[in-house]
Structures are given as C-alpha cells and as structure tokens.
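S.K.: This is the structure I want to talk about, given as structure tokens.
The values are calculated or read from the model by the stated rules, or taken from the named source; none is laboratory data. Owing to the predicted nature of the structure, the values given are computational and were not obtained by experimental measurement. Neighbour counts are summed over all protein chains in view; Cβ atoms, including those assigned to glycine, are modelled from backbone coordinates with ideal geometry. To get the accessible areas, we keep the full protein, side chains included, count just its heavy atoms, and leave off ligands, DNA and RNA. Shrake-Rupley method; radii C 1.70, N 1.55, O 1.52, S 1.80 Å.
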Amino acid sequence: MKHFYLIANEVKDPEGLYTEKITAYLEKHGGKVTRIDNTDCKGMDEIAGKRHSEENGACALVLGGDGTLLRAARNMIDKDIPLLGINLGTLGYLAEVESGAIEPALNKLLADEYTREERMMLVGRVKKQDREEENIALNDIVISRFGSLQILTLHIYVNGQFLNSFSADGMIVATPTGSTGYNMSAGGPVVEPAANLLLLTPICPHTLNARSIVLAPEDEIRIEIPQGKDGRLQEVEANFDGSHKIKLETGDSIVVRKATKTTGILKVNTESFLTVLHKKMSE
C-alpha cells in the first residue's frame, strides 16, 4: 500500500503532532500522503472520477476516536476506500490501533500485511408530512425524545407487520459494528462485527419485559410516532451515528433497513474480537 489519506480530529491532535509524525514516517518509507478535512472530508473529490484500479492499495487513516471514524465512514461512503482507525481518545472499539503502536501498524500497511472487513451499514428514510429525507449510519440510528423529559410511545413494524408499541426513552436500531456503542449501554447484546443482522434495542423501557430483538439483515423496520399520552404531540429526533439529526413529530415515521453499500475496515492486528472486547471491558 502506497497511498494514504489522512483524516485527523483536530481536537484529539490539537498541535498536529501525530499528524506530522505519521506523514513524515510514511513519506520516508515511500508512501504518498494526502490530508483530508475531518469535518466533511473535503479534498476527496479529487479521486471521485478515478478508476478503482488506480486507487487500489489506498486507505484512509483516521486519527481520533470512534466518533471521528464514524464521521469519515459516512462522508466517504461513495469512495470505496477502506478505513483504519488510530485511537487518540479513551475507549475505542472501532479505532483498533492505539497511539503507542502506530509505527508497527504503518509498517504492516506498507508491507500489505492487513485484511479488509466489510461492515454493513444502515439507511434510514424519514417520512414527514411535507417531505422525505434519507441518511446512512455505520453504528446505529437512534430515535430519542426531543425537548421535555417525557416517556415516548413508539409503534414498531417489521416487514409491514405490527410488532409492538413501546413506552420508553427511545429506540436503537444498530448494526453488529454498533453493538458495542449505545446499544451495549442500553443493555443490548454485543455482536461479532462481521455478523450480518439488525439489532432493535429499547432505551430505558417502562416495562419489565422489554428486551432487545435480533432481526435478519433483510428485514425492514418502521418506527411510527403516534400521539402521546392524553393526545399530546410527541417530538423526537432521529440521530444517525450520533452526529446527523432529523426532528420528527406525531404523524411522522422512519423506515430503517440494511444499506446496499458497506464500509471497509482494515485490520492489522491478529487479536480476535473477543480478545479486544476483554481488554476494552477491563479498562
């Protein structure tokens, strides 16, 4: 691998020390480095028209934490360039390379000693009374309350069939990659990232028998926003990977399904997912 796109979180690397160190190391060893803006991946347009074969052997190094990598995955969905996360934050499941092991990881990339995993993504189509809007997520799409702290009522349909009406603080639709995120915090199961399934997890359900539900990847989930208690207007947010938000209210709905595109994640470590999980949970 010779071509590297470098996406750095300026908050995690405020003086650019890691950015400069990685750039210098790669260029010293024959690599070409192109720096990309972290906010919207501005600068990637230059490769949009190139043939895939010309970019074969390229990857994007994402410096920061899981949030930075999630943002990069969303912004680069049409580029077909895999990502490698370098963790400059605290607890990261997606960014597998720690700050103290950067050079060995770069050596493996330069020597083509890596594997590529394809991670499934979600697409959510928000249907409002006056318009529709669609967006994607690598980790999860979260429906949560907006405004006052009141219990939400959500009607859930799977493949057009009514599943249940939930009273909760919200609902999480997660991928296997996102199972270690908000889903895990809400009591949902931890899933091997290479799995192919959908997770439906209520947030703080106001019942004793609400559990996470594991669905097939081909299933389609529709979440409707009905009237609240005593006919009140309900206002919620659809949150895509913790960044992009869309406001919904009574009468609106969102349909979530598996996206046709995937995100490529590079692996340079030989540790299994369970080993990494054990380390993270012991920190």
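S.K.: Taking only Cα atoms and a 10 Å spring cutoff, compute GNM fluctuations for the chain and point out the largest among Val255, Val11, Val191.
M.R.: Result for the chain, Cα springs under 10 Å: Val11 fluctuates most.
S.K.: To the nearest µm²/s, what D does Stokes-Einstein give for the chain at 20 °C and 1.002 mPa s, using the Kirkwood radius over alpha carbon pairs as Rh? All intermediate terms of the calculation are to be shown ahead of the outcome.
M.R.: Working: Rh = 20.0 Å.
Estimated diffusion coefficient is 107 µm²/s.
S.K.: If you don't mind, another one. When the Karplus curve 6.51 cos²θ - 1.76 cosθ + 1.60 is applied with θ = phi - 60°, which whole-Hz ³J(HN,Hα) does each residue of region 171-181 get, with x for Gly and Pro?
M.R.: In residue order, the calculated couplings are 9, 10, 10, 10, 8, x, 4, x, 5, 8, x Hz.
S.K.: Would you mind calculating the relative contact order of the chain from Cα pairs under 8 angstrom and at least 6 residues apart, reporting the percent as a whole number? Mind showing how you got there, number by number?
M.R.: On the way: 626 pairs, mean separation 53.5, N = 283.
Computed over the chain, the figure is 19 percent.
S.K.: Each residue of region 184-189 in order: what ³J(HN,Hα) in whole Hz does its phi give by Karplus 6.51 cos²θ - 1.76 cosθ + 1.60, θ = phi - 60°, with x for Gly and Pro?
M.R.: Karplus values, whole Hz, x for Gly and Pro: 5, 4, 8, x, x, x.
S.K.: Same structure again: Write out the trypsin sites (Lys or Arg not before Pro) in region 210-283 meeting two conditions: DSSP loop, and at most 15 other Cβ atoms within 10 Å of their Cβ.
M.R.: Details: sites: Arg211, Arg222, Lys229, Arg232, Lys245, Lys247, Arg257, Lys258, Lys261, Lys267, Lys279, Lys280; in loops: Arg211, Arg232.
Counting only loop positions with at most 15 other Cβ atoms within 10 Å, the trypsin sites (Lys or Arg not before Pro) in region 210-283 are Arg211, Arg232.
S.K.: Calculate one ³J(HN,Hα) per residue across region 58-63 by plugging θ = phi - 60° into the Karplus curve 6.51 cos²θ - 1.76 cosθ + 1.60, and present them in order as whole Hz with x for glycine and proline.
M.R.: 9, 8, 10, 8, 10, 9
S.K.: Reachable lysines from Lys79, Cα under 22 Å, same-chain residues fewer than 8 places away excluded?
M.R.: Straight-distance partners of Lys79: Lys2, Lys32, Lys42, Lys50, Lys258, Lys261, Lys267.
S.K.: Between region 194-261 and region 145-174, how far is it from one alpha carbon centroid to the other, in angstrom?
M.R.: 6 Å
S.K.: Please work out the average accessible area per residue across the chain, using the 1.4 Å probe convention, and give it in Å². Walk me through the numbers before you get to the answer.
M.R.: Numbers: 13550 Å² over 283 residues.
That works out to 48 Å² per residue.
S.K.: Under 5 Å between amide hydrogens, which residues at least 5 positions from Leu163 or on another chain qualify, with H placed 1.01 Å from N in the peptide plane?
M.R.: Placed amide hydrogens put Ile156, Tyr157, Val158 under 5 Å from Leu163.
S.K.: Quick one: which residues, 5+ away or cross-chain, put their amide H under 5 Å from the amide H of Glu249? H built at 1.01 Å from N.
M.R.: Amide H neighbours of Glu249: Val236.
S.K.: What number, in nm² with one decimal, is the all-direction average of the projected area of the convex hull of the alpha-carbon atoms of region 155-219?
M.R.: Working: hull surface 16.6 nm².
That works out to 4.2 nm², a quarter of the Cα hull's surface.
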